[in-house]
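What follows is a single structure, written as structure tokens, with notes after it.
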Amino acid sequence: MDQEIEVKYYLKDVETYRQKVRAQGGVLIQPRVREINLRFDTPDLALRRQGQVLRLRQDTSAYMTYKGMGAVMDGVLARTEIEIEVNDFAAASRLLQSLGYQVFFVYEKYRENYQFAGLTLSVDETPFGNFTELEGPSAEVVRNASDILALNWTARVNASYIDLFYALKARLNLPFRDLVFESFKGLAITNDELLVKYGDVS
């Protein structure tokens, strides 16, 4: 089914969280890997204005992804997601640019994935902090996994990384365009600056 149902949590202690996931039966299905994500849009950002995403991602493979406008239902973000694997990241980028799309945003992170309580659990290390993402077949499964891990449901984050970045960029008047580690060197971003609560503490 072409649907994404997920929540994120901001983590205060990522190593303790990893240990808890494993202790509660989490099975590592993708070891830690660096991701490069290119967001494409028209010159007037028509996709973003309509709440749509066109993304090209490179990790151990390359993937092209479309996401439709999201809606929060039963506390989780649900949206259409269609993803295909492509065998040539650079060629896929050229194809999209030939169709009139352009890269307007780049973001990177380190991600590892676990199979956990009927869903995919990701641990994400981003330039502005550590997060976990729980993506499953239903809001109930996502909430159940959150409860097993004693995550603070009221601290869940339904905003995308790009939306968190744009809000942070405006608040701190950051001069750079992209969410990449090089730009954040020397910056220590707090949860208060991100306007999020820690999900792994009460």
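Here, each number is a calculation from the coordinates, and none is a lab measurement. Here the structure is a predicted model, which means the values were calculated and not measured. FYI the Cβ positions are ideal-geometry reconstructions off the backbone, even for glycines, and counts take in every protein chain you see.
Considering only residues of the stretch 32-54 that are more than 19 Å from Glu125 (Cβ to Cβ) and of a type in the set (Lys, Arg), which is farthest from the chain's Cα centre (by Cα)?
Here the answer is Arg49.
Looking at (1) over 30 Å from Val180 (Cα atoms); (2) β-branched (Val, Ile, Thr); (3) buried (at least 17 other Cβ atoms within 10 Å of the Cβ), find the lone condition where Ile148 falls short.
(3)
Between Ala46, Ala117, which is of a type in the set (A, V, I, L, M) and within 26 Å of Val141 (Cα to Cα)?
After ruling out the rest, the residue left standing is Ala117.
Which ones in the stretch 117-135 are within 11 Å of the chain's Cα centre (by Cα) and under 16 Å from Asp200 (Cβ atoms)?
Ser122, Val123, Asp124, Glu125, Thr126, Asn130, Phe131, Thr132, Glu133, Leu134
Just to be sure, is Ser138 among the polar types (S, T, N, Q), surrounded by 14 or more Cβ atoms within 10 Å (Cβ to Cβ), farther than 27 Å from Ser183 by Cβ and over 13 Å from the mean Cα position of the chain (by Cα)?
yes
Any idea how many residues of the stretch 58-99 are touching a residue at least 12 places away in the same chain (Cβ under 8 Å), of a type in the set (A, V, I, L, M), in a strand (DSSP E or B) and loosely packed, with under 15 Cβ neighbours inside 10 Å?
4
Specify the residue that is surrounded by the most Cβ atoms within 10 Å (Cβ to Cβ); the eligible residues are those in the stretch 151-202 that are farther than 24 Å from Tyr17 by Cβ and among the basic types (Lys, Arg).
Lys169
Filter the stretch 169-188 down to the residues that are assigned to a helix (DSSP H, G or I) and of a type outside the set (Lys, Arg) and list them by number.
Ala170, Leu172, Phe181, Glu182, Ser183, Phe184
Taking the criterion of being in a loop (DSSP other than H, G, I, E, B), closer than 19 Å to Gly70 by Cα and not hydrophobic (A, V, I, L, M, F, W, C), would at least one residue in the stretch 115-136 satisfy it?
Taking every residue of the stretch 115-136 in turn, at least one turns out to be in a loop (DSSP other than H, G, I, E, B), closer than 19 Å to Gly70 by Cα and not hydrophobic (A, V, I, L, M, F, W, C).
Of all residues in the stretch 137-162, which are touching a strand residue (DSSP E or B) at 6+ places or on another chain (Cβ under 7 Å) and in a helix (DSSP H, G or I)?
Ala139, Val141, Val142, Ala145, Ser146, Ala155, Tyr161, Ile162 - these are the residues of the stretch 137-162 that are touching a strand residue (DSSP E or B) at 6+ places or on another chain (Cβ under 7 Å) and in a helix (DSSP H, G or I).
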